[in-house]
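The values are calculated or read from the model by the stated rules, or taken from the named source; none is laboratory data. Everything quoted here is computed from the prediction, not taken from an experiment. All Cβ positions, glycine included, derive from the backbone under ideal geometry; neighbour counts span all protein chains shown.
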C-alpha cells in the first residue's frame with residue numbers, strides 16, 4: 001500500500017507541475033540589477049516575451065478576424081429576403097449537384113484504361129465495321145470447320161469401305177480357288193469311279209461341273225461388282241481430298257484474315273471488341289457529361305459569387321465549397337457552432353498572450369520604478385524594441 005500511495009503522490013505532483021506550465025514566473029530576486037549584464041539580460045528576456053506574445057497576437061488576430069467575418073457572412077445570408085435567398089439556394093443546389101456528378105465520376109471503379117480508350121478513339125469510325133467483319137469471318141470459320149469435319153467423316157467412311165472391299169476381293173479370290181479345287185477333285189473322284197470301278201457317273205459329272213460353274217460364275221460376278229465399287233470409292237476419296245484441299249485453303253485464308261483483324265483492333269474476338277466498344281461509348285458519354293459538369297460548376301460558382309457579392313458578404317468565394325450549409329439549416333447551425341468554438345479558443349489564446357505581454361511590460365516598468373538610476377537605460381531599450389517591432 002505504501003508503494004501505491006507514493007506512486008499516486010508522485011503522479012499528483014507531476015499533474016500539479018504541468019498545471020503551472022502556463023504561468024510565467026519572474027524570478028527577479030535572483031538577479032543583481034546593479035550588474036549591467038544581468039540587468040540587460042533580464043530586461044531583454046522580458047522584451048522577448050513581449051515580442052513573442054505580440055507576434056502570436058498578430059497571427060491570432062488575422063485568424064480571429066477571418067472566423068468573425070465568416071460568422072458575420074452567415075448572419076447576413078440568413079437575414080436575406082426569401083426571394084433572394086431562394087435564388088442563392090438555386091445556384092447552390094445546381095453547383096452541389098454538378099459537384100456530386102464530378103465526384104461520382106472520379107470515384108467510379110473499373111474505368112477503361114486510358115491507353116485502351118485512346119486506341120479505340122483512334123479507330124472510332126471503323127470499329128463497328130470491324131466488329132461486323134469479325135463476326136462474319138467467325139461465322140464463316142465455323143461453317144468451314146463444319147464442312148471440313150463433314151468431309152473428313154465422309155473420307156474416313158469411304159476409306160473404311162475401301163478396306164472392306166479389298167478384304168472381300170481377297171475372300172472372293174480364295175473362294176473361287178476353293179470351288180475350282182473342289183471341282184477338280186470331284187472330277188478326279190468321278191473318273192476313278194468311272195474307270196476304276198466301271199460305274200455310271202455321267203450325272204455326277206453334270207452336277208459337279210454345273211455346280212462348279214455356277215459357284216465360279218457367282219464369285220466372278222460378286223468380284224467384278226466389288227471391284228467396280230472399289231474403283232468408284234477410290235474416285236470418291238480422291239474427289240473428297242480435292243474438295244478438302246479447297247476448303248482448307250479457304251479455312252487458312254479465313255484464319256489469317258481473322259488474325260489480321262484481331263491484331264488491327266487489338267482484340268481476341270468480336271465479342272470482346274463488341275464489349276469494349278459498348279464500354280467505350282459509355283465512357284465517352286460519361287467523359288462528355290463530366291466535362292459538361294465541370295463547365296456548369298464554373299458557371300454556377302461564378303453566378304453564386306456574383307449573387308452573394310451584391311450583398312454585404314465579405315468573402316463570397318468561401319461559400320462555393322459550403323453549398324450544403326446554404327441548403328441545409330442544420331449544416332449551417334453545425335458550422336456556426338464550430339466557428340464559435342474556434343473563435344472562443346482564439347480569444348482565449350489572444351487573452352493569454354495579451355496577459356503575457358502586459359505582465360512583461362509591467363515587470364519592466366516596475367523595475368524602472370524601483371531602480372530609477374537605470375530607468376533611462378531601461379526606457380531606451382523599450383523604445384528600441386518598439387521601433388524594431390513596428391518597423
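Selection of segment 109-156 for residues being in contact (Cβ under 8 Å) with a residue 24 or more places away in the chain and under 30 Å from residue 323 (Cα atoms) yields only 111. Can you tell me which condition residue 307 does not meet? The list is (1) in contact with a helix residue (DSSP H, G or I) (Cβ under 8 Å, 6 or more places away or on another chain); (2) surrounded by fewer than 16 Cβ atoms within 10 Å (Cβ to Cβ), and all the others hold. Single failed check for residue 307: (2).
Could you list, in sequence order, the residues of segment 319-335 that are farther than 23 Å from residue 298 by Cα and in contact (Cβ under 8 Å) with a residue 40 or more places away in the chain? Let's see the steps before the verdict.
Residues of segment 319-335 that are farther than 23 Å from residue 298 by Cα, as a first pass: 329-335.
Matches in segment 319-335: 332, 335.
Of all residues in segment 157-187, count the ones that are in contact with a helix residue (DSSP H, G or I) (Cβ under 8 Å, 6 or more places away or on another chain), surrounded by 14 or more Cβ atoms within 10 Å (Cβ to Cβ) and free of Cβ contacts under 8 Å to residues at least 60 places away in the same chain. Residues in segment 157-187 being in contact with a helix residue (DSSP H, G or I) (Cβ under 8 Å, 6 or more places away or on another chain), surrounded by 14 or more Cβ atoms within 10 Å (Cβ to Cβ) and free of Cβ contacts under 8 Å to residues at least 60 places away in the same chain: 10 in total. Selection of segment 86-118 for residues being within 21 Å of the chain's Cα centre (by Cα) and surrounded by 15 or more Cβ atoms within 10 Å (Cβ to Cβ) yields 101, 102, 105, 112, 117. Answer with yes or no whether residue 227 is closer than 20 Å to residue 133 by Cα, surrounded by fewer than 16 Cβ atoms within 10 Å (Cβ to Cβ) and in contact with a helix residue (DSSP H, G or I) (Cβ under 7 Å, 6 or more places away or on another chain). It is false that residue 227 is closer than 20 Å to residue 133 by Cα, surrounded by fewer than 16 Cβ atoms within 10 Å (Cβ to Cβ) and in contact with a helix residue (DSSP H, G or I) (Cβ under 7 Å, 6 or more places away or on another chain).
Of the listed requirements (1) touching a residue at least 40 places away in the same chain (Cβ under 8 Å); (2) touching a helix residue (DSSP H, G or I) at 6+ places or on another chain (Cβ under 8 Å); (3) assigned to a helix (DSSP H, G or I); (4) surrounded by 14 or more Cβ atoms within 10 Å (Cβ to Cβ), residue 340 misses just one: (4). Applying the set (1) part of a helix (DSSP H, G or I); (2) within 30 Å of residue 134 (Cα to Cα); (3) modelled with pLDDT under 90 to residue 256 leaves exactly one unmet item: (3). Applying the set (1) assigned to a helix (DSSP H, G or I); (2) surrounded by fewer than 14 Cβ atoms within 10 Å (Cβ to Cβ) to residue 222 leaves exactly one unmet item: (2). Note on segment 288-322: residues that are within 34 Å of the chain's Cα centre (by Cα) and over 20 Å from residue 67 (Cβ atoms) total 15. Checked against the criterion of being surrounded by fewer than 16 Cβ atoms within 10 Å (Cβ to Cβ) and under 19 Å from residue 130 (Cβ atoms), segment 282-299 contains one or more residues that satisfy it. Every test in (1) farther than 30 Å from residue 134 by Cβ; (2) under 52 Å from the mean Cα position of the chain (by Cα) is passed by residue 233 save one, and that test is (2). Within segment 127-137, no residue satisfies the criterion of being under 16 Å from residue 250 (Cα atoms) and modelled with pLDDT under 90. Can you pull out the residues in segment 134-151 that are under 23 Å from residue 264 (Cβ atoms) and surrounded by 15 or more Cβ atoms within 10 Å (Cβ to Cβ)? Within segment 134-151, 134, 135, 137, 138, 140, 141, 144 qualify.
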